[in-house]
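Here's the structure we're looking at; comments come further down.
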Amino acid sequence: MSGSSADAELASPSGPVPARRGPGLAVLTALVQPAGTAIIAGWQHASVGIIGYVLLVFSGLALADRHRSPRRNFLIVVAATVAYHLLDGPVGVTLLAPMIGAAAVLAAGHRWLVAATSAGAYATWVLVSGPTLRQALAALALIAGAGLVTEFGSLVAARVHDGIAEQRRLSEERQRRRASEQRLLIAAELHDVLGHHLSLINMRAGVGLHLMDRDPEQARAALDAIAQSSAEALREVQAVLNTLYPTGEAAPRAPAPGLDRLAELTDDAALPTRTVIDGTVRPLPAAVDRAAYRIVQEGLTNIRRHAGTGVAATVTIGYRQDALVVEVDDDGGGVRQPEPAPAGNGITGMRERAAALGGELTAGPAPDGSGGWRVRATLPLGRDQTREATS
């Protein structure tokens, strides 16, 4: 879809603007009716006449107005057709225009008008022309057959229209859902990036202020670390925000972080952190790699926030055959502040990341009774992802 058409749809308060219907069917009917009737009249050795041709062409061209004023248009078309038969015009393709006009009236919901007008037209023809019983029954059968065909065609057209409308609704719903999921993903990324780096900056700023008079060199080192953390935070935020722009307008300036940067993350954690690799390191699917990095990042951030001073952390990355297991533990050695609420943004964000990949995440007291806190995530690789990662 082009940009202009998309803008037009968005600007319309009632949804997409329906396509304009041209006069093509009206012109075709104005050609088919007199031509078909002339052929059939030739078989009957009858003549249509100039007035007959004019009425047949007129009733066809009158259909061009059927969508704007379906009831008035139907009455005009029926009147022209009845006039043709009252002038003793030969039987031919004369009911095509009334059938098309009736379909437009049925689509507008005026079924009663079609029935009443058809009955009135038939009664007028019978009273004025005085046909034989056989002719009257034949005409009645022809009108009834045309009505059944028109009714069936209207039902089919309504079903098709409803199906198209439902497909459009489902497509719009999918687009809204994808947009919502993308916004949630961006919000989670920003929460992880800002929470991690701002907590580091806050802690190091406190250290710098404490040591500024007693140990200027250590204070300078803390300020250098603040500068590095803030620069890294800006780069990651820019990379996340670039996903808001259409492809080609703004490419990310840095790749999405993954476990290849785990050493940088733990070195920059501002608390003693030990890394344990369980299993054989191998390439991971991008979504799993990114989610594992963010879970470790948020886990270390929560330890800094809640475990107090003197705590040490352990990050365990377990490479299983069909899953990646990520654990972030603290040893309980610090003066623990209140634990993060189970529904807090950090834990909720980590749990949603794991669930989005079909995995699960638990957070709670460490099972060894040390008084520490453990975050454990299992991120399934899946059969196809495992083959891709090990190929």
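The values are calculated or read from the model by the stated rules, or taken from the named source; none is laboratory data. Just so you know, these numbers come straight off a predicted model, no measurement behind them. Cβ: placed from backbone, ideal geometry, glycine included. Neighbour counts: every protein chain shown.
Checked against the criterion of being under 18 Å from Pro257 (Cα atoms) and modelled with pLDDT under 85, segment 332-343 has no qualifying residue. Considering only segment 322-331, state which residues are outside any strand (DSSP E or B) and either at pLDDT below 90 or not assigned by TED's automatic domain parsing to the domain that holds Arg282 (or both). Selection gives Asp331 alone.
Counting only residues that are surrounded by fewer than 19 Cβ atoms within 10 Å (Cβ to Cβ) and either at pLDDT below 85 or in contact with a strand residue (DSSP E or B) (Cβ under 6 Å, 6 or more places away or on another chain) (or both), segment 357-377 holds 9 of them.
Results for (1) of a type outside the set (Val, Ile, Thr); (2) crowded, with 22+ Cβ neighbours inside 10 Å; (3) assigned to a loop (DSSP other than H, G, I, E, B); (4) touching a Phe, Trp or Tyr at 6+ places or on another chain (Cβ under 8 Å), shown as yes or no for each residue.
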position	(1), (2), (3), (4)
Leu28	yes, no, no, no
Leu31	yes, no, no, no
Ser59	yes, yes, no, yes
Ala64	yes, no, no, no
Ala79	yes, no, no, no
Val93	no, no, yes, no
Gly109	yes, no, yes, no
Leu113	yes, no, no, yes
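For first residues located in segment 103-129 and hydroxyl-bearing (Ser, Thr, Tyr), partners that are not in a helix (DSSP H, G or I) and lie 6+ apart or on another chain with Cβ distances below 9 Å form the pairs Ser129/Asp88.
Taking segment 41-57 as the range and being over 25 Å from Ala123 (Cα atoms) and either in contact with a strand residue (DSSP E or B) (Cβ under 8 Å, 6 or more places away or on another chain) or in a helix (DSSP H, G or I) (or both) as the test, the residues that pass are Gly42, Trp43, Ile50. Taken residue by residue, segment 220-230 has no member that is crowded, with 17+ Cβ neighbours inside 10 Å and at pLDDT 80 or above. Out of the residues in segment 36-57 meeting the condition of being surrounded by fewer than 14 Cβ atoms within 10 Å (Cβ to Cβ) and touching a residue at least 40 places away in the same chain (Cβ under 8 Å), tell me which one is farthest from Val77 (Cα to Cα). Residue satisfying both the conditions and the ranking: Gln44. Put simply, of Ala263, Ala312, Ala286 the only residue that is in contact with a Lys or Arg (Cβ under 9 Å, 6 or more places away or on another chain) and at pLDDT below 90 is Ala312. Residues that are in contact with a helix residue (DSSP H, G or I) (Cβ under 7 Å, 6 or more places away or on another chain) and either among the charged types (D, E, K, R) or at pLDDT below 60 (or both) within segment 16-39 comprise Pro16, Val17, listed in sequence order.
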